[in-house]
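Novice: Mind having a look at this structure? Questions to follow.
The values are calculated or read from the model by the stated rules, or taken from the named source; none is laboratory data. All figures in this text were calculated on a predicted structure; none of them were measured in a lab. Positions of Cβ are backbone-derived with ideal geometry, glycine not excepted, and every protein chain shown enters the neighbour counts. Just the protein is used for accessible areas: all its heavy atoms, side chains included, with ligands, DNA and RNA removed. Shrake-Rupley method; radii C 1.70, N 1.55, O 1.52, S 1.80 Å.
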Amino acid sequence: MNERIKRLRTQSRTVIPHLSLERAKLMTEFYKTGASQKFSVPVARAHAFKYFLENKVICINPGELIVGERGPEPKATPTYPEICCHSLKDLDILNKRQKISFKVSDEDKDYTREVIIPYWNSISIREKIFAQVDKNWIDAYEAGVFTEFMEQRAPGHTVAGKKIFTKGFLEFKQEIHNSISNLDFYNDPDAFNKREELRAMNIAADAIITYAKRHSEKAKQLAEIEKSEMRKNELEKIAEICDYVPAHAPRTMWEALQHYWFVHLGVIMELSTWDSFNPGRLDQHLYPFYQKDLDRSLLTEDEAKELLEAFWVKFNNQPAPPKVGVTAAESNTYTDFCNINLGGLKEDGSNAVNPLSYILLDVIEEMRILQPSSNVQISKQTPDRFLKRALNIIKTGFGQPSIFNTDAIIQELTRQGKDIIDARNGGASGCVEVGAFGKEAYILTGYFNLVKILEVTLNNGSDPRTGKQIGLETGDPRSFITFQEFFAAFEKQVNYFIDIKIKGNMMIERLWAQNLPAVFMSIIIDDCIAKGKDYNDGGAKYNTNYIQIVGMGSITDYLSSIKYQIYDKKFLSWDKLLEILGDNFEGNEEILKNLTKNTPKYGNDDDYADSLLVDVFNIVFKAVDGRPNTKNGTHRINLLPTTVHIYFGSVVGATPDGRKAYMPLSEGISPVQGMDTNGPSAVIKSAAKIDHLRTGGTLLNQKFTPQFLKDDTGIEKLAHLIRAYFKMDGHHVQFNVVSAETLREAQVNPDQYRNLIVRVAGYSDYFINLGTDLQDEIIKRTEHSEF
Amino acid sequence: MELGIANSGIIFDIKKFAIHDGPGIRTTIFFKGCPLICWWCHNPESQNFKPENFINPKNEDKHSENIEIIGKKVSVSDVFKEIEKEIIFYDQSGGGVSFSGGEPLSQPEFLLSLLKLCKNNEIHTVLDTSGYATEEILKQIQDYVDLFLYDLKFIDSTKHEKYTGVSNQQILKNLIWLSENGSKIIIRIPIIPGINDDNDELNKMRDFISGLNNIQGIDLLPFHKIGKNKYIKLNLLYKMENFNEPSSELMEKIKLKFEDTNVPVKIGG
């Protein structure tokens, strides 16, 4: 990393995230003029977007090569009052909370009180949503049965496709114009709405071109007063580039990165899409530019790397907009889930790894910043050396890149009805979600708490935390003669809550389509221009809604305890079980030990437990998959948690698997913490029993210590473990290389870390099984090898 | 005497994703019971042929929480079921099953039954052995073992008897027989300073190996004190308290010496 990048990186890492009301002020100003009354909703949104881009502060940081900030300076994070109008209390919490805080100035608090709240408070989409949904939706939401993504964030979740790198906005304007010309007012009852939408897109295209040209002007001004000859030249070059892109298609790698960055800013300034917008298959998109630049001696490999690193910093300068309430509890992080894909397959089905893929891995390793996140796509054709290079970065303990199975992704997408070319051009985004990049709106609608539903089933439909009847009366569990009867009751409850969630989705989706279209994003996602339809209204070629199922490990162990202890072995009666759960196991240590240590658990390649996992999967799949949304698309499931397993655990009392009240649930499809005691290959086997190909993504987390991965043997065998998982159609795996701190925690709480394997001396062992002195020694060694 | 087929045997662990017990990803079956009692043994729980208790010494009240039973009788079919579950990993990595211990050759019928099942199912097999068994037993299992990890501790018989409890005459004879009858062998030498790291002993071992055929490699295993905690749990005397672990310089020096055999030498397993 050179001096310039070091400076930019340090700046990016040290600036404290703070709230900026710039966007809220300009939007309020625009709407208060009454101009919006004159236009249709999409056209008004486009004008508001344009007004914001024409008037916001233009920021070019010292030494930057790629320019443009969402706020007036790095880490100045905007609010979106038309989505969620923060109360003064919200601002206080944001300012003061220990983690993921945002500094709020007194001046901004005053402005919020005097101007923003009076205008937006009653008309934000958040208010509209809570006013429209049913009472049983509210009850389930408040009980923690599910969450709702769209109550304070826009339906984002899409990723740029190839066309962003091959077309300019003047060309898009031409396409919009053609689409308007082709409207058939005689036969298409929707023609007028389409024209409004297309006109709005046209305005938004102008807005982004103007915004870029303002950067060009600013760069020229800075160049005039710049003393360093070298920087002066750079600024002049930046001025030239911003004058050319994004109006025109980029010609060089530098232009391509700047072009994309303007698009990225456009998307995240228009609405708080929050989840994942990113350049997608970056090594594929950039390679033609890179090759051409090298051929014409416009660029060296080092300069290419410098540009990429300068580009990386830009992502890190944009923290995710602040979250409040349940959304903050479920996913409180500065990361905005940009997840760049490397490797995979080309659209002709051949291996896509190229020299730039390796350079990008270097960039990831050197930068080590929170954003953007990154992953490698591994198909059966992907060279081993690429996988091993990625593992060598992972072993440094930075948690990136994560690893995806390209062949599974393609089958998942084609099962959903996507064209195979679109599937090959797709990948994973956010955490693990699959998408046809550039052509799909794949909206995460909310997390779904199966463990809570099982608790409600045990209580005949009521929530023991509040005493409120939130589910169906499916019967007292004592009345179930067989496990199958009990399981059938659980299935009824799952179907009941999925129905509530889906009905809510159908309403919420319409509220967004009618009130807050995403006219800028519609320009860049196929086929919005051709259809004359907004991204939020079914304009994309594919429209998928996900419900994310959480706690597969916990639910499996929960059911396994009931089946094994009550029905099969008859060690426990329902009365006794309900009693000890009510007491949070107090005074029942022997039973607790039986539940945790002598009951079959998921993650050990034991079919007793794992078959229950498959049963649960099938229930949820049947309840959700294939059900329509309002955009001519379908609902699907995926299995991922972000950090919601902590929030979901906090609303559930003690559970029969031995989990104490309000403790976290398991995450993703990983086993319950510490319950996988047969090593990583058994975990992989258990996880592969899920039919990954019928999901839109699953998340598996595995822990290793740095010692385990120290030598080539460790890396080699880990690569084999991954290949074996992917042969079994596993979707994704990520490796958590644990720190000395974790090891110390494992010493104090060994039961939580029964699965932790450490490299000892020529062999590996379970950490908790080692003598204290040896544990101490390994901790010391781990500290030594840490960065 | 012809070995029969056993239905069961006694083991103390099945370890999956074993990555240091032979090529690829392996499942290692740890047989319980060993005729040798090596001073430096890091698995003392493998020596006794019967199940026994590990007692956590930290709590004196001997509460059941602190007692762990080591060793259990298992059926051949149950062990093979666990072996079979991991086939996809063997295929992917060129791995298979390793029989370790304890001394697998001390439960010859149990071992042979498992070996035959593996062979029938085309699963690669490794036998990690002290070599202490009758020639008769060795000859009957030889065909079913793809790779031997064969321990060599001393050439000097008196020392061998002092530190392991048994003579090495049969062990050396067996090793020569295997090497002359086409078995692939990796020699594993524990390096224990003050016991077998003198030049005289090392030279003898080197020269002995030079005279063998089919040796695939030599693994030099540096002595470590990791097993000490287990001696405490078993209430056994740990005789190695005053011995030192070899330095990496010493290991490198010894490695150089064994490279004279023209066989690949590795430090660690």
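Novice: Summarise the partner chain shielding of B:19-29 as one whole number: the mean count of Cβ atoms from other chains within 10 Å of each residue's Cβ. Walk me through the intermediate numbers first.
Specialist: Numbers: counts 11, 7, 1, 0, 0, 3, 8, 2, 2, 1, 0.
Per residue, the average neighbour count from other chains is 3.
Novice: Which one, B:232, B:25, B:189, has the greatest fluctuation when you compute a Gaussian network model over chain B with C-alpha springs under 10 angstrom?
Specialist: B:232
Novice: Largest first, what is the accessible-area ranking of A:1, A:269, A:663 with a 1.4 Å probe? Present the calculation step by step, with values, prior to reporting the outcome.
Specialist: Numbers: A:1 70, A:269 0, A:663 95 Å².
The ordering from most to least exposed comes out as A:663, A:1, A:269.
Novice: Accessible area of chain B with a 1.4 Å probe: how many percent of it is carbon plus sulfur?
Specialist: 47
Novice: Using a Cα-Cα cut-off of under 17 Å, which aspartates and glutamates could be cross-linked to residue A:103, ignoring same-chain neighbours fewer than 8 residues away?
Specialist: Partners found: A:22, A:73, A:90, A:92.
Novice: Could you please put A:614, B:166 in sequence from largest to smallest accessible area, using a 1.4 Å probe? It would help to have the intermediate numbers written out before the result.
Specialist: Details: A:614 45, B:166 15 Å².
The most accessible residue leads, giving A:614, B:166.
Novice: What number, rounded to the nearest 500 deg cm²/dmol, is the helix-based mean residue ellipticity at 222 nm of chain A, given -39500 (n - 2.57) per DSSP H run of at least four residues and division by all its residues? Numbers along the way, then the final one.
Specialist: Details: 33 runs with 386 residues, N = 787.
About -15000 deg cm²/dmol.
Novice: For chain B, what does the accessible surface come to per residue with a 1.4 Å probe? Please give it in Å². Let's see the in-between values first.
Specialist: Numbers: 11770 Å² over 269 residues.
For chain B, the solvent-accessible area averages 44 Å² per residue.
Novice: What is the interface area between chains A and B, defined as buried accessible area summed over both chains with a 1.4 Å probe, reported in Å² to the nearest 100? Before the final figure, lay out each step's value.
Specialist: Details: alone 28230 and 12960 Å², together 38890 Å².
Buried: approximately 2300 Å² between B and A.
Novice: Between residue A:38 and residue A:346, what FRET efficiency follows from the Cβ-Cβ distance if R0 is 51 Å, with the result rounded to 0.05?
Specialist: 0.60
Novice: Okay, which of the stretch B:168-197 sit inside 19 Å, backbone N to the point 7 Å along the Cα-Cβ direction of residue B:242?
Specialist: B:192-197
Novice: Same structure again: Hand me the chymotrypsin sites (Phe, Trp or Tyr not before Pro) from the stretch A:597-686 located in a DSSP loop with no more than 14 other Cβ atoms within 10 Å, in residue order please. The partial results should precede the final answer.
Specialist: Working: sites: A:602, A:608, A:617, A:621, A:647, A:648, A:662; in loops: A:602, A:662.
Taking the stretch A:597-686 and a limit of 14 other Cβ atoms within 10 Å, the loop chymotrypsin sites (Phe, Trp or Tyr not before Pro) found are A:662.
Novice: Oh, and also: Quickly work out the residue A:297-to-residue A:506 label distance, labels modelled 7 Å from Cα along the C-beta direction, and quote it in nm with one decimal.
Specialist: Inter-label distance under the simple model: 6.7 nm.
Novice: Let me spell out the model: positive unit charges on the Cβ of Lys and Arg, negative unit charges on the Cβ of Asp and Glu, origin at the Cα centre of chain A. What dipole size does that give, in debye rounded to 20? List each step's numbers first, then the result.
Specialist: Numbers: 95 positive and 105 negative charges, 141 e Å.
Dipole size: approximately 680 debye.
Novice: Rounded, prolate or oblate, given the Cα gyration tensor of the stretch A:1-150, with a/c below 1.5 counting as rounded? Intermediate values should be presented prior to the final figure.
Specialist: Details: a/c = 2.00, a/b = 1.36, b/c = 1.47.
Here the stretch A:1-150 falls in the oblate category.
Novice: Of A:379, A:521, A:447, which is farthest along the charge dipole of chain A in the positive direction, counting Lys and Arg as +1 and Asp and Glu as -1 at C-beta?
Specialist: My answer, from the dipole projection, is A:521.
Novice: Next up: For peptide B:86-97, what's the mean number of Cβ atoms from other chains within 10 Å of each residue's Cβ? Before the final figure, lay out the partial values.
Specialist: On the way: counts 7, 1, 10, 11, 2, 4, 10, 7, 1, 3, 0, 0.
Partner-chain Cβ atoms within 10 Å, mean over residues of B:86-97: 5.
Novice: Using a Förster radius of 56 Å, what is the FRET efficiency between residue A:392 and residue A:185 based on their Cβ-Cβ separation? Nearest 0.05, please.
Specialist: With a Förster radius of 56 Å, E is 0.40.
Novice: Right, something else. Which one of B:95, B:108, B:215 has its Cα pushed farthest toward the positive end of the charge dipole of the stretch B:8-267, where Lys and Arg give +1 and Asp and Glu give -1 at the Cβ?
Specialist: Going by the Cα projections, it comes out as B:108.
Novice: Roll a 1.4 Å probe over the protein heavy atoms and report the accessible area of residue B:180 in Å², nearest 10.
Specialist: Approximately 120 Å² of residue B:180 is accessible to the 1.4 Å probe.
Novice: Taking the Cα centre of the stretch B:8-267 as the origin, how large is its charge dipole in debye, to the nearest 20, when only Lys and Arg (+1) and Asp and Glu (-1) carry charge on their Cβ atoms? List each step's numbers first, then the result.
Specialist: Numbers: 31 positive and 37 negative charges, 68 e Å.
Taking the Cα centre of the stretch B:8-267 as origin, the dipole is about 320 debye.
Novice: Which of the lysines could be linked to residue A:6 by a straight reach, that is with a Cα gap under 21 Å, when you skip same-chain ones fewer than 8 residues away?
Specialist: Correct list for residue A:6: A:75, A:232, A:305, A:314.
Novice: Still on this structure: Rounded if a/c is under 1.5, else prolate if a/b is larger than b/c, else oblate: which is the stretch B:8-267, with a ≥ b ≥ c the root eigenvalues of its Cα gyration tensor?
Specialist: Values: a/c = 1.63, a/b = 1.08, b/c = 1.52.
It is oblate, given that a/c is not under 1.5 and a/b is not larger than b/c.
Novice: Could you work out how far apart the two model spin labels at residue B:255 and residue B:167 are, taking each label as a point 7 Å from the Cα in the direction of the beta carbon, and quote it in nm?
Specialist: Calculated label separation equals 3.7 nm.
Novice: How much of the DSSP bridge set in the stretch B:8-267 is antiparallel, in percent, rounded to the nearest 5? Please report the intermediate quantities before stating the final value.
Specialist: Working: 13 of 40 bridges.
Looking only at bridges with both residues in the stretch B:8-267, the antiparallel portion is about 30 percent.
Novice: Still on this model: Can you give me the solvent accessible area of residue A:175 with a 1.4 Å probe, rounded to the nearest 10 Å²?
Specialist: The accessible area of residue A:175 comes to roughly 50 Å².
Novice: Answer rounded, prolate or oblate for the stretch B:1-137, using the Cα gyration tensor with square roots of eigenvalues a ≥ b ≥ c: rounded when a/c is under 1.5, else prolate when a/b is larger than b/c, else oblate. Kindly include the intermediate steps, with their values, before the conclusion.
Specialist: Details: a/c = 1.83, a/b = 1.41, b/c = 1.30.
Here the stretch B:1-137 falls in the prolate category.
Novice: Give me the inter-chain shielding for A:685-692: mean count of other chain Cβ atoms within 10 Å, whole number please.
Specialist: Numbers: counts 5, 0, 0, 1, 0, 0, 0, 0.
If you average over the peptide's residues, the count of other-chain Cβ atoms is 1.
Novice: So what is the relative contact order of chain A, in percent, for Cα pairs below 8 Å that sit 6 or more residues apart? Present the calculation step by step, with values, prior to reporting the outcome.
Specialist: Numbers: 1526 pairs, mean separation 104.0, N = 787.
Computed value for chain A: 13 percent relative contact order.
Novice: Right, another one. Kindly state, to the nearest 0.05, the FRET efficiency for residue B:55 paired with residue A:96, given R0 = 60 Å and r defined as their beta-carbon distance. Don't skip to the end; give the middle numbers.
Specialist: Working: r = 52 Å, r/R0 = 0.86.
Efficiency computed from Cβ-Cβ geometry: 0.70.
Novice: Under a straight-distance cross-link criterion of Cα-Cα below 22 Å, which lysines are reachable from residue A:492, leaving out those fewer than 8 residues away in the same chain?
Specialist: Reachable lysines: A:135, A:452, A:468, A:501, A:503, A:563, A:622.
Novice: Using a 7 Å offset from the Cα along the Cα-to-Cβ direction at both residue A:569 and residue B:156, what is the distance between the two label points in nm, to one decimal?
Specialist: 5.4
Novice: Right, another one. Please list, by residue number, every one of the chymotrypsin sites (Phe, Trp or Tyr not before Pro) in the stretch A:151-235 that is coil in DSSP and has at most 15 other beta-carbon atoms within 10 Å. Please report the intermediate quantities before stating the final value.
Specialist: Details: sites: A:165, A:169, A:172, A:185, A:186, A:192, A:211; in loops: A:185, A:186.
Filter output for the stretch A:151-235: A:185, A:186.
Novice: For the pairs B:32/B:72; A:50/A:541; A:717/B:116; A:710/B:233; A:717/B:15; A:167/A:541, note any where the Cα-Cα span goes beyond 20 Å.
Specialist: Details: B:32/B:72 9 Å; A:50/A:541 26 Å; A:717/B:116 27 Å; A:710/B:233 31 Å; A:717/B:15 15 Å; A:167/A:541 18 Å.
Check vs 20 Å cut-off fails for A:50/A:541; A:717/B:116; A:710/B:233.
Novice: Report the per residue volume, in Å³, of the convex hull enclosing the C-alpha atoms of the protein assembly as shown. List each step's numbers first, then the result.
Specialist: Numbers: hull volume 201.4 nm³, N = 1056.
About 191 Å³ per residue, rounded to a whole number.
Novice: Of all trypsin sites (Lys or Arg not before Pro) in the stretch A:185-248, which ones are in loop regions per DSSP and have a Cβ with at most 10 other Cβ atoms within 10 Å?
Specialist: On the way: sites: A:194, A:195, A:199, A:213, A:214, A:218, A:220, A:227, A:231, A:232, A:237; in loops: A:227.
In loop regions of the stretch A:185-248 (DSSP not H, G, I, E or B), the sparsely surrounded trypsin sites (Lys or Arg not before Pro) are A:227.
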